[in-house]
1. Please state the relative contact order of region 730-885 as a whole percent: Cα pairs under 8 Å, 6+ residues apart?
2. Treating only the Cβ of Lys, Arg, Asp and Glu as charged (+1, +1, -1, -1), what charge dipole size does region 396-440 show about its Cα centre? Round to the nearest 20 debye.
3. Heavy atoms only, 1.4 Å probe, whole protein assembly: order Met406, Met570 by accessible area, highest first.
4. Can you give me the % of accessible surface on the chain that is carbon or sulfur? Probe 1.4 Å, all protein chains present, nothing else counted.
5. May I ask which of Lys140/Lys221; Lys124/Lys656; Lys662/Lys701; Lys140/Lys232 have a Cα-Cα span longer than 19 Å here?
6. Which one, Gln727, Gly73, Ile192, projects farthest toward the positive side of the charge dipole computed for the chain from Cβ point charges (K/R +1, D/E -1)?
7. Could you let me know the centre-to-centre spacing of region 724-801 and region 157-207, using Cα atoms, in angstrom?
8. Kindly provide the helix-only [θ] at 222 nm of the chain, computed as the sum of -39,500 (n - 2.57) over DSSP H runs of four or more divided by all residues, to the nearest 500 deg cm²/dmol?
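The values are calculated or read from the model by the stated rules, or taken from the named source; none is laboratory data. Predicted, not measured: the structure shown is a model, and the values here were computed from it. Note: ideal-geometry Cβ built from the backbone for every residue, glycine included; neighbour counts use all protein chains shown. Quick note on the areas: whole protein, heavy atoms, side chains included, nothing else; ligands and nucleic acids left out. Shrake-Rupley method; radii C 1.70, N 1.55, O 1.52, S 1.80 Å.
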Amino acid sequence: MRVKYLRKSLAAAAVVLLAASVAGAVNTGTISGLVTDQNGEPVSGALVVVKGANRFATSNADGYYVITPVPVGTFEVKASRIGHSEQVRTGVKVIAGLRTNTSFQLDSTTTGVHYIQSETPLIKWTETYTESIIGHEQIKAQVVDEFADMLVRTPGIVYENSDASTLNLHIRGGRGNEIAYIVDGVNITNPIVGGAGMQIPVDAIEQMNVITAGWDAEFGKAQSGIINIQTKEGRDKYIGQVGVTQEIYTAKREWDSSKALESTGLEDPASPLITWNTATRETNYSKYRGSFGGPIWPGVDQLGYFVAGDYTRDWTVYPLPDPRIQWNTNGKLSIRPTGRLRMVVSGGRAWEERQLFSNEYQYNLDGYYFRKEGTNRLSANLTHNVTDRFYYSVTGATFNNNRSLMTGGKHWTDYDLNRVKTDPTGWFVTSGDFPVYETRDQVYFDGKADFRYEVARVGDNRALSMNVIKGGVGFKTQDVDFYQVQTYPANVYTDIFHTYPFESHLYLQDKLEYSGMVINIGARFDVFDPNATYPADPFNFRWGYSHSPITGEEFERMNSDSPYRSYWEMPRIEAEKSYQVSPRVGISYPISDRDKLHFSYGHFFQVPPLIYLYRSIQSQLTGAYPIMGNPDLLPQKTVQYEIGVEHLFTDDLKAKVSAYFKDIKDLIDTQRINYEQGWNYTKIINADFGSVRGMEVTIDKRMTRHFSGNMGYTFSVAKGLASSYWQGYNYAYRGWDVPNREDLLNWDQTHKLDVTLDYRTNFDIHNFGANTTISYGSGMPYSKPPSGIGQPDVNSERMPWTINWNVKADYSVTYWGLNYTLFCEVINLLNHDNVFNFGEDEGDGASADWLPWYYFYGDADGPYDDMECYGDPLRLRVGLEIGFL
């Protein structure tokens, strides 16, 4: 079956790649404008060249030219015409998906070359959606380990937990798995659980576009936002750098069970029978990185390459015996044989291995599981400009992620299931293995095809009107293999599936750009085929196994009248395909030459992560209260509205105010299925709903007089029936009433403020820079514990506020063609104890739920001093970077 399926996949890939046409519009931009003479008359036949990209066009009879697609980045653009002077625009910035207006004036009475510095307008007049653009200069200036560090400083994005996982990022009130991550036009979102499927070396990033509302129809499979990353390309000059970062100090946290409660001064109500000393430790963080790029042959810009990589070795603040090892690589090869043909091959490899930490296992660290995860990405793109105004683009990509969770490198059949808690507290596990074993392997092939066609007209007063039509088709084939066993003393749970889902899409977008208004209309059509069957009734058989194959014991179930002897003889339901149509519309209206109004509306669908579709559908349900997935889940739906106003105070200072509303439906939840015989199981269904409303205020100041900065404030109210499908499961398990109204979601952060200030000198040899980022967040909600018998009051209380103040200072000097930079980084300058959670079972009423402890005693880390409740302490790093340009 697998071979047959792969043959079909490869055949489909060949059809698409031969037929034609995505990556073009997603990770490239457009340069266009007018070429006139000294009298303002059009100059036809002028040659306009993007230096270093081997892209060019000629102006028509109206003096209009367009160059598309152009890689993102900053370029020099030159215009020339026989009998006229030449003009070079420097600092022309190309933004993914947008048009950069660059016009020229050539003098027919003089000769020579005239250079003019271009400035990117702070207001993007043709943009109809909300987008934050993060360039590689910003990334280099700030304290950044991974690209997610920049996302948490973006308005509208909330970071829920101290765990460095993109699943903890929430855009405008959405769940953490509702974000699409795209690298060089290829979606790298983890299909099983959501979140980013791999890391990218930060030195490889040219530009990162964070879209939080109103994105075009070419983007799908996301309800909350798009993270669109474009990596660097090699150009006509060599660039490169190597660097090292070393942590030299970490503030430690210490606890002593014999002391009074840290935050209250009261006697410890737990009255432990033993004492223990718990402490974080100074980390030994080291990071090595390097990048290099340029033409394959000197002076030839038709062939370029860029490679980057980093290696991190980090003994975390937790007292683990082994460091976290992570390395990431990325490479891109650009082939530009002519001005109308472009090929790009992009790929990367990411690897991480780490011993995970649990407060419960801190005296038996070898008994807790170890995680290894590797990811490969490879894509190839061909773009052909049939004319200056029409091109098509073809992309093929493959993505592979494999991960293992196991204790001591052992198979689950070799686990020590005799977990012993010998200390009198009954909390710390002193021997035995953590009962989870998991392997997952996912491979997909992505084929896409796009086109873009533009009609432009030059009207009175040299005003430009344009109609840009783009569309595309695509498909994705997947091979998903998941195996998980949880071996608890009384119950063993198995979750095994191997499936081959298939999806396809097509879209059409029409953007009408007039001098007085921009209208952006599009629609997207998605098809998803689960390609799976599942049992109609997982307990409708006579014989089975007691809990799992561990005992091998057979027994007769109470429904002995069933005609089916075993689980595998039962009839199965074939899952149905799902279809969605997603309309999108955006409007940009210039009120004046300094003010702009924009509005967007759209429907956004997303198939839930595959774990919720396929969980336990190919293995017999075992253990108490098992959960079964549902391949017939509907796509989750979000309807978004947004309106915003931008005002330009000066050419270097802009403010923007946006208000938004989201209506969310068909989120996943659970349904308990009970049998008269006494057993039950829980099925995943579409039942949750929610709503979000909020406002964002941003102020941006461009670099002038050595100083730049930005500020973003977010006010938000996020409500829903549940923060996770686990909420309904846990409430039913404990016999609590499942809420039937909207409550505040776990990541509802009413107020969020991010401030970035940057100072840079610009001398020939010696330069100094300093950057500071301050992030403040009001407290996240938590559920008030019951004072006696009862259930929690859902998210009725607030955690403490958080603040994180980071600083980076650097000094650089240039000698003999090399640039040497010394830098210092400070994380959490105030050493503030930022509380991010109250135990791993927060709000569940289970063993590691410290909510009652915090509510009654004000002590966030609970009775056993759980150090995972806090974010990073004060950390100090130094580094050296050597580069050449």
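1. Details: 327 pairs, mean separation 29.7, N = 156.
Computed over region 730-885, the figure is 19 percent.
2. Details: 5 positive and 5 negative charges, 30 e Å.
Here region 396-440 has a charge dipole of around 140 debye.
3. Working: Met406 40, Met570 10 Å².
Putting Met406, Met570 in descending order of accessible area: Met406, Met570.
4. On the way: 20030 of 35690 Å².
Roughly 56 percent of what the probe reaches on the chain is carbon or sulfur.
5. Working: Lys140/Lys221 30 Å; Lys124/Lys656 12 Å; Lys662/Lys701 30 Å; Lys140/Lys232 14 Å.
From Lys140/Lys221; Lys124/Lys656; Lys662/Lys701; Lys140/Lys232, over 19 Å: Lys140/Lys221; Lys662/Lys701.
6. Gly73
7. Using only Cα atoms to place each centre, the spacing works out to 18 Å.
8. Working: 7 runs with 53 residues, N = 885.
When only DSSP H runs of four or more count, the value is -1500 deg cm²/dmol.
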